[in-house]
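As structure tokens, the structure follows; a few thoughts come after it.
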Amino acid sequence: MGVLNITPDSFSDGGQYFDTDKAIESAKRMISQGADIIDVGGESTRPGAQSVSIVDEIRRVIPVIEALQYSTDTPISIDTSKPEVMKLAVEAGANMINDVCALSADGALETAAMLSVDVCLMHMQGSPRTMQKNPTYNDVVDDIKDFFSQRIEACIEAGIAKDKIILDPGFGFGKTLDHNLEILKRFNEFKSFGLPLLAGLSRKSMIGTLLDDRNVDGRVVGSVTGAIIAVQNGADIVRVHDVLETKDALTILGGVS
Ligand code: 8Y4
């Protein structure tokens, strides 16, 4: 899964079409590099990030989804927690909902059920603004498994078929470095649900911290290594910024497995 963040380019005054065109170009590059899914997001979910209005999020993501729907066969994922955005995105051609809030917003479960697309349920402790304050768990893997059980139950209750669900422990979302490493080491334990697993470690601070506070641009090799470990430990989908590099590593892994 290639990451496509659509946020206004503060270094240009090219306006809406400029951002949209750049996003489409970036998506097409990732597809040519072998991405099997493009994850389109219009709201930054980084720690402490500003929230984005529904209208602004729609203005950012819908034109890009429409253009990709028209010009490629590659499945499109909509990275949002807002039911209004989910609905318009799927109507514009998105095939999957990637929700870091695991369909917890008002109306999100019902909307996802109605749209009948795949949904990725990600675990987060707290909210993006506060999650890194003081994350605590009894046992991080067991606690996340309990969360998955509850959210799967809520989905089924709302009419979402179990075979449409993908699970993601949410690296960096209310987790310390030690929590993240424990999740990566024990990733296999999430296999017990019999559902596909997604891992997103790409460029995250756990990589930067392990590499002596390396900046985001210097995290490619660390991110690729993290993706490989996740796949070896049972991940079915890896959400990455560096598609070409990750594909190369997965190709080598595929040669011996
Ligand atoms: C640099 C670059 C530093 C990116 C931090 C980040 C996940 C996700 C995000 C994930 C799923 C991010 C939307 C955070 N992470 N969705 N989204 N799983 N399913 N931070 O791990 O990339 S955004």
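The values are calculated or read from the model by the stated rules, or taken from the named source; none is laboratory data. No experiment lies behind these values; they were computed from the predicted model shown. Glycine also receives a Cβ, built like all others from the backbone with ideal geometry; neighbour counts cover every protein chain displayed. Only protein heavy atoms, including side chains, enter the accessible area calculation; ligands, DNA and RNA are left aside. Shrake-Rupley method; radii C 1.70, N 1.55, O 1.52, S 1.80 Å.
If the condition is being in a loop (DSSP other than H, G, I, E, B) and free of Cβ contacts under 8 Å to residues at least 12 places away in the same chain, then segment 16-50 contributes only GLN50. Given the structure, is VAL231 open to solvent by less than 50 Å² (accessible area, probe 1.4 Å) and near the ligand (Cβ under 10 Å from one of its atoms)? No: the conditions fail for VAL231. Per the listing VAL40, VAL3, VAL52, VAL85, the residue uniquely over 18 Å from VAL238 (Cβ atoms), among the hydrophobic types (A, V, I, L, M, F, W, C) and open to solvent by less than 20 Å² (accessible area, probe 1.4 Å) is VAL85.
To keep it simple, each residue is scored yes or no on (1) open to solvent by 50 Å² or more (accessible area, probe 1.4 Å); (2) within 14 Å of the ligand (Cβ to nearest atom); (3) modelled with pLDDT under 95.
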site	(1), (2), (3)
GLN69	yes, no, no
ALA92	no, no, no
ASN134	yes, no, yes
PHE148	no, yes, no
ILE156	yes, no, no
PHE171	no, yes, no
GLY174	no, yes, no
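Picking from residues in segment 32-61 that are within 11 Å of the ligand (Cβ to nearest atom) and among the hydroxyl-bearing types (Ser, Thr, Tyr), the one that is nearest to GLY170 (Cα to Cα) is THR45. In this structure, MET114 does not qualify as farther than 30 Å from THR176 by Cβ, at pLDDT 95 or above, within 15 Å of the ligand (Cβ to nearest atom) and assigned to a helix (DSSP H, G or I). Would you confirm, using the coordinates I've provided, whether PHE193 is of a type in the set (Phe, Trp, Tyr) and away from the ligand (no atom under 11 Å from the Cβ)? Spelling it out, PHE193 is indeed of a type in the set (Phe, Trp, Tyr) and away from the ligand (no atom under 11 Å from the Cβ). Of everything in segment 199-228 that is near the ligand (Cβ under 9 Å from one of its atoms) and open to solvent by 70 Å² or more (accessible area, probe 1.4 Å), the residue that is nearest to ASN180 (Cα to Cα) is SER205.
Does THR130 fit the bill of being modelled with pLDDT under 95 and polar (S, T, N, Q)? Considered against the rule, which asks whether it is modelled with pLDDT under 95 and polar (S, T, N, Q), THR130 comes out as yes.
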